[in-house]
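One structure below.
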Amino acid sequence: METNEAVVCISDDDTESLKLKSTTGTTVLRLPNSLPFASKLSHGIIKQAPICLQASDIARLEEKEWFNDILMDFGLSQCVRRHELSDSPLKKVWVFSTFFFTMLEDKGINAVCKWSAHWNVFEQELIVVPVNKDFHWYIILILSPNSSFAPSDLDPIGAPCAQIFSLDSLGGKQCEARELIENWLQIVAKPKLSGRQWITPDSRSLPVPKQPNFYDCGPFSIHNLGRFLMHYPDIVNRAISSASHEWDRIWHPHLASHMRKNLRLQTTLRRSVTLQEA
């Protein structure tokens, strides 16, 4: 891989022109970012900070390499972007930084109070929490967090509730992680109860495609999130056996192993286009 040049890539609909930019010898790809935490308000205009991949990051897209935080951001951003372009996307999806769960687990809920200070948790339709623990990536999801409240006189049994899912490509149930996210959600909800009662979320792990090794957790997590976004109504409303054809149709396990290659191809194409246009 060349390491004596830098490439700046922007989205196809960006009004800026593609250009080359010299650096101190590291190849850099600047890619469009669809993750909400990257948004910044500047002079009344919301701007997305790009995802910047250095040569060392791009090298991790090769086989048998473990994904780091920036590659997870890249893959998750691609998931969100594809979902936004689908026929009937969720309108409000929040994806936490890859550092959120680590901070929550290591330093407690008080340490992450400000992480939701500038957006309303309960206006989101889906919250995505990427988790990195013991060099293993998996995903925690909160679906319909606004269903965490109900009138105080309502019987909570049978009432609609938020749902918390774990998507672990090694098959782990991740009960403690889901419980930690539930506790965080309940504490965030307290100031908003206003006489209403808290409805305990339904929490469970989902059977997702399993990685065949110990280094593909990143690309498999990205694949699994993409399939969930595409088929979440079927996934959450029905119990689907992992031995069924329906499960294969929804999760497409044979495609999970191609996610690494797909992301690598995207960086190659963007770099190639930039060099041609420069």
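Which number in (1) at pLDDT below 90; (2) not in a strand (DSSP E or B) marks the one condition that Arg30 misses?
(2)
From Phe214, Phe228, grab the single residue that is surrounded by 22 or more Cβ atoms within 10 Å (Cβ to Cβ) and within 30 Å of Glu62 (Cα to Cα).
From the options Phe214, Phe228, the qualifying one is Phe228.
Please go through the range 59-94 and give me each residue that is β-branched (Val, Ile, Thr) and under 20 Å from Phe135 (Cβ atoms), ordered by number.
Passing the criteria: only Ile70.
Checking Ser221 against (1) in a helix (DSSP H, G or I); (2) more than 20 Å from Phe135 (Cα to Cα), only one condition comes out false. Which one?
(2)
The values are calculated or read from the model by the stated rules, or taken from the named source; none is laboratory data. Because the structure is predicted, anything quoted here is derived from the model rather than measured. Note: ideal-geometry Cβ built from the backbone for every residue, glycine included; neighbour counts use all protein chains shown.
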